[in-house]
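Enquirer: Dumping the structure here so I can ask a few things about it.
What follows is calculated from the coordinates using simple rules that are stated; it is not laboratory data. None of the values given here were measured: they were computed from a predicted structure. Methodologically, a virtual Cβ is constructed for each residue, glycine included, from the backbone with ideal geometry; neighbour enumeration extends over all protein chains shown.
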Amino acid sequence: MTLFEASEVDKLFPGVRALDGVTLKLEAGSVHALLGENGAGKSTLIKVITGLYKPDGGRLLLDGQPVAFGSPHESASAGIGVVHQERNLIPGFTVGENILLQKLPTSRGLVDRGRIRSEASRWLAELDLDLDPDLPVTELSVAQAQLVEIAKALSVESRVLLLDEPTASITPNEAERLFRVVAKLKNDGRSVLFVSHKLEEVFQICDTVTVLRDGSSVLESGALSDLTRDQVVDLMVGRVHEALKLPPRTVPEAAPLLELSGVGTATGHVDVDLSVRPGEIVGLYGLVGAGRSELAKALLGLDRITAGEVRVRGEVVRIRNVRDALKNHKIGYVTENRKEEGVFLEQSVSRNIAVTVWDRLLKRLGWIPGLSYVPRKAESALVADYVEQLGIRIASAEQLAGTLSGGNQQKVSLAKWLAAKTEILIIDEPTVGIDVRTKDAFHTLIWDLAANGLAILLITSDLPEMITLADRVVVMRDHRVRGEVANDHDYDTMSQQVIRLIHAEAPAPA
Amino acid sequence: MKSLLRFARTTEMTLLAIGVVFFVFLVIASHGDLLEANSLRVLLQFLAVPVLIGLAQMVVLAVGQLNLAVGAVGGFAACAMGVLMADHGVPVPLALLIGFLLASLAGLANGLLVVLTRINGFIVTLATMTVLLGVQYRLVGTRTVDAYPQGLKSFGSYAVFGVLPLIFLVALVVAGLLAVMLRRTVPGRQLLASGGNPIAARLSGISNDRSVIIAHTLSGAILGVAAILTIASSPGVNKSIGGDWLLPSFAAPIIGGALLTGGSAVVLGTVLAAFIVRFVDTARAEFSLEPSWVNFVVGTVVLGSVVLGQVRTRRQERRTVVKAPDAAVAGGVS
Amino acid sequence: ATGCSTKSSNDATGTSGDDASTGTSSGPVELKDGSSVKLALIPGGAHPYFQPWKTTAEQDKTDFKLGGVTFNETGEWDQGKQNNVINSLAAQGYNAFGIFGVSPTDINSTFEDLKSKGFAVGSLASCPAGDTNSADFCLSTDVEAAAYKATKATIEAIGGEGTIVHLTGNNVDSNTQRRIAGVKTAIAETNGKVTELPVITDIDKDLQTAQKAVADLLASKGKEIKGIVTTAYNPAVAAADGVASSKLPIKVVAIDDDAKILSGIKSGGVAATVTQNPVGQAYVGGWLLALLGSKQCTMKTPGVIVDSGSFVVTKANVDTYDAERKAKTTELQKDFAAQLSCK
Amino acid sequence: MSAPVSETATAALQEPDAPVEQPRGGRTPWWANQRIGLLILVVALSALFGILRPAFFNQQLVVFPLLRDIAMFTVVGLAQMCVLSIGHMNLAVGRMAAFSMMITGISYDLWHFSLYAGLLVGLVAGTAIGALAGWVIARTGVNSFVVTLALDFLLLGLIPLVYTGLTDNAAFVTKPPGMRELRNYSLADVCIGNVCGSPAVPQLAMFAVIAMVVVGWIYSRTKLGRELLMTGTSVKAAELSGIPTARRVITAHAMSGCLAALAGFMLAVSTGSIKATIGEEFMLPSFLGPILGGTLLAGGFISVWGTLLGTALTSVIRKGLDLLGVGLESLNIYLGLILLVALSTDRFRTVLSDRQGVKER
Ligand SMILES: Nc1ncnc2c1ncn2[C@@H]1O[C@H](COP(=O)(O)OP(=O)(O)OP(=O)(O)O)[C@@H](O)[C@H]1O
Ligand SMILES: Nc1ncnc2c1ncn2[C@@H]1O[C@H](COP(=O)(O)OP(=O)(O)OP(=O)(O)O)[C@@H](O)[C@H]1O
Ligand SMILES: [Mg+2]
Ligand SMILES: [Mg+2]
């Protein structure tokens, strides 16, 4: 029977019609997928359901009874648990308090620490996650943090659980664990809404699916069993979407542009060997927290390199900071953390793209030495060029980057490095939370950049992506390189080899 | 055990150590005079108000706000009470109650203004400060009001065993209550949650607006108590009351380890910091130092200590996953 | 004749002597027509000392039939703000100004501005720092002399020997510097009998700061101290109260005659206070400014400095000192009459 | 120039049927623009005061000093704005002015420098002390609020020590030639042929104009300015885009110190002497101007014009109340209330324009 129903829901934002008569039915004891491209309205729908946004039209029914939630608090007490797309933990608080934040247990008016501990550990146990409830959340890894959020969602005795891209920042293994929990909930007769851009997962765990496009539902509660991956994609994209075909690409025989030998870092890496040749895409795979991003940051001089040597174009170098890397070595880094490190949300698109090239554009002011300015014309010309070529869909280059969708923001974050004419590009998790079609576009772009001779180090936790793009896959774990696999672009064989490498017994530390 | 270790590394611990050393040093320097009942009494007597104004600031810092009106609220409340008792013969308890409520209302007003207008708290309290200073002057002009019942003054000067001033104990009680409120009550936790990560708090069904209002009102209430202690312990009240509260109110919590971005409750730290600042006064009298030297030293020490403290914690920074959004120092929570 | 031994007032009386000999006007000059004069009395900011000015201004108005008077304390102890206030008043037709300059080192510039625009300007209750006074005259307590007297009184109170300490206000203010000097002279004269602890400055900002400083002082040095001389308002109030509650045999000499201090004198908590002559300053000052403003008279020696007098008040003369002060005021009027050359 | 992106990729990246993403809203209507709102407010108030008190337009006695104040406090506001642009605060802005003027004073008194040589020394000193603050912040990552607060204490102690040590009445009174003229001269004293400027505009104001032009140019046109704003928006992103954030933090605070010094000089000139209390009244105005003018406390957005207008608004209000003869018992009450109203109306406009699907700034 239907546990929860949202019918004909509308939601308007200044300038945007985020939801337009969306209908969604959640059955007891089933897992329901909510799919759609970036900006399709998935998160908005979830926020409407949980009472964060007030719907501009339509009705919500719980057990057939119309409900209107004024705040997340009300929806929670009605048994609707949610894991939002945004990070959602309070820094100063313990794991336990964060899990039970919505309804802290009290005795005689005071918060009851004991019960927090006991109840929290109960929920943690349900996710078979052994964490000390008294641990401050600041000491968690990304994956742990993610799982704590899920425990938090469960803690409201939720009969309906809404998961907005819970797997975006965790790797298959943690995902697997999560799926086991979902299965358990399903058997308990609860109902789960699952939002993800990773269709493999969706087909793995979901029973029914609703697809959104531009804020309206193009498929309502279809059974996934009688749908193919392509059909779903076509529905999301709104036209026939042919699977990505990449032109053949051969890696030229050349000396490596970037080469690490026996590198150790302040953040705990132990003799890391790695090399990337021009025109080559080297994939760096590993579990969350394996130390890949940190390795990249160490390369850029953000963390100290304590051992071994880094060679760029054959010469041993000591990179002091990003500026140094960019100016003197033509190395660029597309960060995994788009919103915080990738784009300046409160600045114009134009400045976001031009930030790396002002040096190059500078014009002397008359004869006065040292006095120079950024010529507006040249700047906007350059920006327009990249906006056009990367197909960034914006009204004007002056609008704030914060108003763009995930996909376009990622394009902006990439554009500045292309504009800087870098020759070595480190790309970290380029397609997290980005929809199928834009994803394909990025894959084509990365592939093509390599074809044009860039040396690319691709960090990703998305195995299919890795297998589509990389020439070689280097596997990392616990800040060590665990091995390397030449890529034959065949999903099954590759995935097996990689996973095996990850779980291989650790070699005795050198 | 683990938590014990954690405490050992906290600012509180450091402050405690510094404080003890400082005190011992002063005792030696004064050839033990400082241990005489009278000296101790004086030392504690003038700790009460600094502790309270420090806490009043700390509470608003906890939600990532600032309160520039601490002095104005306190001074205004004190003068109001004085005038009520001296000019209108209002009975003491009633007058004190009214004063306390006025201060709380002023705080509430700050909170409401911040929430309703969405103007940055820094500016709002700046404006209310100006207004309240005006009101304070209008109340007392240039006189010093002191014609209020002796009973109140004897309360202000009474000391248990001639050592523990009543007003100091009151301050400690307030501190205790505040600590419990912030650590163990639901509104307290919600307040800190809003300060620690407003977005997350909102997604968890906590009303940040409510937290901001509560914080400002609490701040006002604490200042109300401070005003009561002031009028009870000082020879009289005039327009200068509260004039010197602003800087100390920030110094105490900041030295105590409060984060300006919000989310930290450092009651103990604030109290300890107030002690240390007080010791500096004592030292000033002991060695009859010029105030200039005192400021100079305080500035240098604070800068030095905070710098050292920070370098340590900063190492951690980049490695933590869960972070509060880099809210502006005085950024309002919305 | 002023019974006060300072340079400035000696000049005053001295010159008046000459005039007597040359037989020009003596005795108060009659103001013919004050209706053209709009008088503004402008203190540095709100302070009990200036409150008598308010009423005296009104009295000036009635006695001399002035076109208008105002009392404006919105300078808030900031020279910039005070200058603005003065200009605004000038713009509204006030043409005679009695000013207490916030910053003695700056106020001459303000005076010059006003003079250049042809206004009558008197420096009241404080004279510009340095040797020049750009106002028409300066009628003020000689702060150094006042501090000197206060210290003398203290020394007397403690029986001629012992340790005393001086509490005062803003250290970086030339008047404070003068007070400190005054105290030192008095102590020097006892050649060693009386010693002084390091002066405690910057405690006039607010009452609590003063109170705390006093309490700490008494706690740490209470036993050695025999007398406290204060030359600022909040410290005076705090000292009186602190000594009283500490029950130490310390003699406090205060400043000014705010109600609170007088009650202290009566109750014996305060040994003595040195009062100044705000009324005299406002009254005589107003009269002079009227004469100058109406162009009836001019100063013989522009910028002359006259001591408006300071009076030691003890329990003995607490009820009578005001008469003495009034006498001084009329005397001041005479002195000035001799300073004027009138049509 | 052209990007290293080949047709195939470009083709793949185009999403013809994807919606063009509108800046939430679009154009801001003129009445929702903060600066214009302020301008109207200032003009309206001036007119109102002018009607109530014709003296308000008295050139020598009202307009001249008013403009002199506005000029000075605008520079003060700019000093604060520079650090606000990177999301920092400078609580020592006043004390920095005092410090640099102390150096200037010494240069006049002891080394007999000329007026402008002294000013230069002051500016250098200001820049240095500002850079010091910036350096501590950049080096340690301690919150600017804390650092500048501590620095304020430090200077608060240091300055009187120096003054009492070097001078007998706690001020440097030597006036180098030209100081008095600078204080009193207006555009009426600069003539081309026989056409002279208005006597209402003080020459001192030229410093403010210069400061505004330079700062404005830096922020709108130079790499430095842009990098400051980027740093203000997100330090992390800036660092990862190759902006030397640490150096930018130092620059911003140095600029702040330099402007503070200039403001201190203007104050010293307009009141008459160089003394320890210079800058004591700077802190609050330094925030009011920029904030009223739309500069974000959070950093990343500044407005030079706004700072001027915000300062003008506060000065005009105070002057108006002066002329209306409002006594001290009401003055601050009115000031505070008017301030709140001004701020709220601005907020109200923003909300109203958001209602119409418009996003401010
Ligand atoms: N607070 C807001 N104000 C204005 N517009 C918004 C707001 N939140 C979302 N939108 C717009 O509503 C549309 C739907 O956004 P939403 O976040 O629901 O998409 P989504 O399906 O979750 O995308 P993604 O897969 O990237 O998470 C987008 O055009 C977005 O720009
Ligand atoms: N986003 C993050 N911010 C800060 N620290 C992180 C983050 N992710 C992981 N960490 C911590 O830093 C260390 C290495 O993380 P890093 O990001 O380098 O791993 P990774 O291999 O890049 O995985 P991922 O990028 O998917 O998190 C681990 O101890 C992990 O707990
Ligand atoms: Mg979403
Ligand atoms: Mg990573």
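Enquirer: Using amide H atoms built 1.01 Å from N in the peptide plane, name the residues 5+ places from B:ALA159, or on other chains, whose amide H lies under 5 Å from its own.
Expert: B:LEU166
Enquirer: Further question on the same structure: Determine the principal axes of the Cα atoms in chain B, then give the extent along each, sorted from largest to smallest and rounded to whole angstroms.
Expert: The Cα atoms of chain B stretch 59, 52, 36 Å along the principal axes, largest first.
Enquirer: I need the peptides D:107-113, C:163-169 ranked by packing, meaning the mean over residues of other C-beta atoms within 10 angstrom, with the highest value on top.
Expert: Result, highest mean Cβ count within 10 Å first: C:163-169, D:107-113.
Enquirer: Moving on. With an 8 Å cut-off on Cα pairs and a minimum separation of 6 or more residues, tell me the relative contact order of chain A in percent.
Expert: Relative contact order, chain A: 15 percent.
Enquirer: Within region C:290-326, which residues have the backbone N less than 17 Å from the label spot 7 Å out from C:THR55 along Cα→beta-carbon, could you tell me?
Expert: Only C:319-326 pass the distance filter.
Enquirer: Let me ask you something else. Let me check I've understood the local charge: for A:ARG180, count other residues with C-beta under 12 angstrom from its C-beta, Lys and Arg +1, Asp and Glu -1. What total comes out?
Expert: With Lys, Arg at +1 and Asp, Glu at -1, the neighbours total -1.
Enquirer: Sticking with this structure for a sec: Counting every Cα pair in region A:1-40, what percent are over 16 Å apart?
Expert: That tail contains 48 percent of the Cα-Cα pairs.
Enquirer: Test of the criteria: in region A:279-378, which trypsin sites (Lys or Arg not before Pro) are in a DSSP loop and have at most 14 other Cβ atoms within 10 angstrom of their Cβ? Write down the numbers at each step before the final one.
Expert: Values: sites: A:ARG292, A:LYS297, A:ARG304, A:ARG311, A:ARG313, A:ARG318, A:ARG320, A:ARG323, A:LYS327, A:LYS330, A:ARG338, A:LYS339, A:ARG351, A:ARG360, A:LYS363, A:ARG364, A:ARG376, A:LYS377; in loops: A:ARG304, A:ARG313, A:ARG318, A:ARG320, A:LYS330.
Qualifying residues, ordered by number: A:ARG304, A:ARG318, A:ARG320.
Enquirer: When N counts the residues of region A:159-291, how does its alpha-carbon radius of gyration compare numerically with 2.2 N^0.38 Å, as a ratio?
Expert: Computed over Cα atoms of region A:159-291, the ratio equals 1.47.
Enquirer: Averaged across D:265-274, how many Cβ atoms of other chains sit within 10 Å of each residue's Cβ atom?
Expert: Details: counts 0, 0, 2, 1, 1, 5, 12, 14, 10, 2.
That works out to 5 on average.
Enquirer: Could you work out, residue by residue across B:44-54, how many beta carbons of other chains sit within 10 Å of that residue's beta carbon, and then give the average as an integer? Let's see the in-between values first.
Expert: Numbers: counts 0, 4, 7, 0, 0, 2, 2, 0, 0, 0, 0.
Taking all residues of B:44-54 together, the mean is 1.
Enquirer: Could you compute the FRET efficiency for A:GLU176 and D:ARG247, with r as their C-beta to C-beta distance and R0 at 51 Å, rounded to 0.05? Kindly include the intermediate steps, with their values, before the conclusion.
Expert: Details: r = 47 Å, r/R0 = 0.91.
Between A:GLU176 and D:ARG247 the formula returns 0.65.
Enquirer: Right, another one. Specify which residue in the list A:ALA395, D:CYS196, C:VAL274 is farthest towards the positive end of the charge dipole of the protein assembly as shown, using unit charges on the beta carbon of Lys, Arg (+1) and Asp, Glu (-1), about the Cα centre.
Expert: So the residue furthest toward the plus end is C:VAL274.
Enquirer: Take a quick pass over region A:317-447 and tell me how many lysine pairs come in under 28 angstrom between Cα atoms, counting only ones 8 or more apart or on separate chains.
Expert: Taking region A:317-447 as the scope, the lysine pair count is 28.
Enquirer: Here's a follow-up. So what is the relative contact order of chain B, in percent, for Cα pairs below 8 Å that sit 6 or more residues apart?
Expert: 34
Enquirer: While we're on this one: Along Cα→Cβ, 7 Å out, is where each label goes; now give me the distance between the ones at A:SER396 and A:GLU253 in nm to one decimal.
Expert: 5.6
Enquirer: For peptide C:194-201, how many partner chain Cβ atoms fall within 10 Å of a residue's Cβ, on average?
Expert: Mean partner-chain Cβ count within 10 Å for C:194-201: 2.
Enquirer: Can you give the Kirkwood hydrodynamic radius for the protein assembly as shown, in Å, rounded to one decimal and based on Cα pairs?
Expert: 36.1
Enquirer: If you don't mind, another one. Which values, in whole Å and largest first, are the semi-axes of the equivalent ellipsoid of region A:32-102 obtained as the square root of 5 times each eigenvalue of the Cα gyration tensor?
Expert: Values: eigenvalues 110, 60, 22 Å².
For region A:32-102, the semi-axes come out at 23, 17, 11 Å.
Enquirer: What is the pair-distance distribution P(r) of chain C, computed from all Cα-Cα distances in 10 Å bins starting at 0, with each bin given as a whole percent?
Expert: 6, 26, 33, 22, 10, 3, 0
Enquirer: Using θ = phi - 60° and the Karplus curve 6.51 cos²θ - 1.76 cosθ + 1.60, what whole-Hz ³J(HN,Hα) does each residue of region A:120-130 get, with Gly and Pro shown as x?
Expert: After applying 6.51 cos²θ - 1.76 cosθ + 1.60, I find 4, 5, 4, 5, 4, 4, 4, 9, 4, 10, 8 Hz.
Enquirer: Something else about it: On the first, second and third principal axes, largest extent first, how far apart are the outermost C-alpha atoms of region C:97-210 in Å?
Expert: Sorted largest first, the three principal extents are 54, 31, 18 Å.
Enquirer: May I ask you to work out the translational diffusion coefficient for region A:283-341 at 10 °C, viscosity 1.306 mPa s, via Stokes-Einstein with Rh from the Kirkwood sum over Cα pairs, reported in whole µm²/s?
Expert: Approximately 127 µm²/s, per Stokes-Einstein.
Enquirer: Which angle from 0 to 90°, rounded to the nearest 10, does the C-alpha axis of helix C:143-157 make with the longest principal axis of chain C?
Expert: Roughly 30 degrees, rounded to the nearest 10.
Enquirer: Picking from B:SER211, B:SER39, B:SER104, which is most flexible by a Gaussian network model of chain B using Cα springs under 10 Å?
Expert: B:SER39
Enquirer: Let me ask something else. Report, in debye and to the nearest 20, how large the dipole of region D:249-361 comes out about its Cα centre when Lys and Arg carry +1 and Asp and Glu carry -1 on their Cβ.
Expert: Computed charge dipole of region D:249-361: roughly 300 debye.
Enquirer: What do you get for the angle between helix C:7-22 and the principal long axis of chain C? Use alpha-carbon atoms, 0 to 90 degrees, nearest ten.
Expert: 40
Enquirer: Let me ask something else. If r is the Cβ-Cβ distance from C:SER116 to C:LYS193 and R0 is 41 Å, what FRET efficiency results, to the nearest 0.05?
Expert: E between C:SER116 and C:LYS193, to the nearest 0.05, is 0.20.
Enquirer: What area, in nm² and to one decimal, does the C-alpha convex hull of region D:222-361 cast on average over all directions?
Expert: It is 11.7 nm².
Enquirer: What number, in percent, do you get for the relative contact order of chain C if the mean sequence gap of Cα pairs under 8 Å and at least 6 apart is divided by its residue count?
Expert: 21
Enquirer: How compact and how long is chain D, expressed as Rg and Dmax of its alpha-carbon atoms in Å?
Expert: Calculated on Cα positions, Rg and Dmax stand at 22.9, 81 Å.
Enquirer: Now a separate question. Which one, D:THR233, D:VAL214, D:MET255, is farthest towards the positive end of the dipole of region D:164-264 when Lys and Arg carry +1 and Asp and Glu -1 on their Cβ?
Expert: Farthest towards the positive end: D:THR233.
Enquirer: Follow-up question, since we're still on this one. Starting from region A:224-303, pick out the GluC sites (Glu not before Pro) whose DSSP state is loop and whose Cβ has at most 16 other Cβ atoms within 10 Å.
Expert: Sites meeting the loop and neighbour criteria: A:GLU242, A:GLU253.
Enquirer: Separation between the A:LYS421 and C:CYS342 pseudo-spin-labels, each 7 Å from Cα along Cα→Cβ, expressed in nm?
Expert: Once both label points are built, they end up 9.0 nm from each other.
Enquirer: Separate question: Please find the FRET efficiency linking A:SER380 to A:PHE13, where r is the Cβ-Cβ separation and R0 is fixed at 22 Å, and quote it to the nearest 0.05.
Expert: The value I calculate is 0.20.
Enquirer: Here's another thing I want to ask about it. Using only alpha-carbon positions, what ratio does the radius of gyration of region D:115-240 give when scaled by 2.2 N^0.38 Å?
Expert: 1.47
Enquirer: Also, quick follow-up: For region A:387-510, restrict the atom set to alpha-carbon positions and state the Rg and Dmax in Å.
Expert: Both quantities, over Cα of region A:387-510: 16.8, 57 Å.
Enquirer: Write down Rg/Rh for chain A, rounded to two decimals, with Rg from the C-alpha atoms and Rh from the Kirkwood relation over Cα pairs.
Expert: On the way: Rg = 24.3 Å, Rh = 24.7 Å.
Result for chain A is an Rg/Rh of 0.98.
Enquirer: So, one more: Against the longest principal axis of chain D, how steep is helix D:328-355, in degrees 0 to 90 to the nearest 10, with axes from Cα atoms?
Expert: 20
Enquirer: How many nm is it between the label spots at A:GLN496 and C:LYS295, if each spot is 7 Å from the Cα in line with the beta carbon?
Expert: Here the modelled spin labels are 11.5 nm apart.
Enquirer: What would the Debye equation give as log₁₀ I(q)/I(0) for region D:189-242 at q = 0.28 Å⁻¹, counting only Cα atoms as equal point scatterers?
Expert: Values returned for q = 0.28 Å⁻¹ are -1.00.
Enquirer: Report the charge-dipole magnitude of region B:177-284 in Debye, nearest 20, computed about the Cα centre from +1 at each Lys and Arg Cβ and -1 at each Asp and Glu Cβ.
Expert: In total the dipole reaches around 220 debye.
Enquirer: Is it possible to state the helix-based mean residue ellipticity at 222 nm for the protein assembly as shown, with each DSSP H run of 4+ residues giving -39500 (n - 2.57), the sum divided by total residues, to the nearest 500 deg cm²/dmol? What is it?
Expert: When only DSSP H runs of four or more count, the value is -17000 deg cm²/dmol.
Enquirer: For region B:61-76, take each phi angle, set θ = phi - 60°, evaluate the Karplus expression 6.51 cos²θ - 1.76 cosθ + 1.60, and give the result in whole Hz per residue in order, putting x for glycine and proline.
Expert: 4, 4, 9, x, 10, 10, 10, 7, 9, 3, x, 5, 4, x, x, 4
Enquirer: Considering the options A:LEU178, C:ALA157, A:THR228, tell which one lies farthest towards the positive end of the dipole of the protein assembly as shown, charges being +1 on Lys and Arg and -1 on Asp and Glu at the Cβ, about the Cα centre.
Expert: The listed residue farthest towards the positive side: C:ALA157.
Enquirer: In debye, nearest 20, what is the charge dipole magnitude of the protein assembly as shown about its Cα centre with +1 on Lys and Arg Cβ and -1 on Asp and Glu Cβ, if you could check?
Expert: Rounded to the nearest 20 debye, it is 1360 debye.
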